[in-house]
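The values are calculated or read from the model by the stated rules, or taken from the named source; none is laboratory data. Bear in mind that the values here come from a model prediction, so they are computed numbers and not experimental data. These area figures cover heavy atoms from the full protein model, side chains too; ligands, DNA and RNA do not enter into them. Shrake-Rupley method; radii C 1.70, N 1.55, O 1.52, S 1.80 Å.
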Amino acid sequence: MGLLARLRKEWFIIGIVLVILSAKLLPGVGVKEGPLRPEVTITYIAVSLIFFNSGLSLKTEELRNALFHVRLHLFVQSFTLVFFPLVIWLLLQVLALTAIDQWLLKGLQTVSCMPPPVSSAVILTKAVGGNEAAAIFNSAFGSFLGIVVTPLLLLLFLGSSSSVPFTSIFSQLFMTVVVPLILGQVCRGFLRECLERRKPPFGAISSAVLLMIIYTTFCDTFSNPNIELDPTSLLLVVIIIFSIQVSFMLLTFAFSTRSGSGFSPADTVAIMFCSTHKSLTLGIPMLKIVFSGYQHLSLISVPLLIYHPAQILLGSVLVPTIRSWMTSRQKVTQSLWRLPGCWLCSSSDL
């Protein structure tokens, strides 16, 4: 792959680096009451646009097709929104005794509370040849579920800014998240044929808006002289994030392939990616709402900004290995079914 093609493919990760550097050089542009007016353009317009775009892009018919695989959905949602946050909370009780920056540790907890992403888990599941419909359903359903569950988890584990009451948080979430999502789905019903024919770049639109949100978040940080990022803490957090992702992928693989699980190899692929991936597109706007007024908001956001490219990088590296495993597993299953008397076997025995 040429350099230009590589840059085009990784433009969003490059964009994150560039907007953070821009925020360092020009922090006054994106601060509250600055020229960009983020208290209006970001808090309301940009966030609403992201979720309207998500509602417009979600294929309702594909979600309907995967609806009845209840056991798989229950496993994924329980893992990502219950087991994941609890394990990270326990881990942080130990890490709190170390010298790692406390705000970065709080950021690790926010990562654990996030729902699965609408894009990366589906893309990687499709690349491997796994259960794409199940991945689409769990990513979309998890996003909808996350609108309610994620703020509750954030408030439970971290508390809220004292300047934003509980009712205000959820009213703002409703107006900037729920309403745009519903409007997006309604508009999709009228524009479905046009959208399928033209195939608008939904992902690119959301990513571009997200870069604006990241820029203003870091403008707040760099305009505050009292906030410093410890390089050692940052390096340790990167190592911890990769360790968490590898450990949880192995754990979901072990659970979904054990005897009697009832999951096919294609199901296992969807489970591994959907259960361990976390949404940056939903996460940053939610943090912006729930922790409005926190001077350390950008430090809390750092682990999520690391987790997003890390999950894509790790998933991409593992695609050939997982595809090879799934192919060989499917061949074994097909061979067993061809053996005499194998009508006695069931998928749960394999």
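Summary table
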quantity: Accessible surface, the chain, averaged per residue in Å² (probe 1.4 Å); calculated: 48 Å²
quantity: Helix-derived mean residue ellipticity, 222 nm - over the chain, DSSP H n ≥ 4, -39500 (n - 2.57), to 500; calculated: -23500 deg cm²/dmol
quantity: ARG37, ARG8, ARG329, reordered so the largest accessible area comes first (probe 1.4 Å); calculated: ARG8, ARG37, ARG329
quantity: Rounded tilt (10° steps) of 102-113 against the dominant C-alpha axis of the chain; calculated: 40 degrees
quantity: Heavy atoms of TRP325: accessible area, 1.4 Å probe, square angstrom to 10; calculated: 60 Å²
quantity: Probe 1.4 Å - accessible area at MET326, Å² to nearest ten; calculated: 10 Å²
quantity: Between 0 and 90°, nearest 10: helix 231-257 axis offset from the chain longest Cα axis; calculated: 20 degrees
quantity: Area accessible to solvent at LEU21, 1.4 Å probe radius, in Å²; calculated: 100 Å²
quantity: Entry for Rg and Dmax of the Cα atoms in Å (calculated from the structure that is shown) out of [x] 21.2, 68; [y] 33.4, 118; [z] 21.0, 75; calculated: [z]
quantity: Whether segment 181-246 is rounded, prolate or oblate, judged on the alpha carbon gyration tensor where a/c under 1.5 counts as rounded; calculated: prolate
quantity: Sulfur and carbon atoms: percent of accessible area, the chain [1.4 Å]; calculated: 69 percent
quantity: Under the Karplus curve 6.51 cos²θ - 1.76 cosθ + 1.60, θ = phi - 60°, whole-Hz ³J(HN,Hα) for segment 319-327, x wherever Gly or Pro sits; calculated: 3, x, 5, 5, 4, 4, 4, 5, 4
quantity: From phi via Karplus (6.51, -1.76, 1.60), per-residue ³J(HN,Hα) for segment 79-88 in Hz, x at Gly/Pro; calculated: 5, 6, 10, 10, 5, 4, x, 5, 5, 5
quantity: Degrees between helix 47-57 axis and first principal axis of the chain (Cα, 0 to 90, nearest 10); calculated: 20 degrees
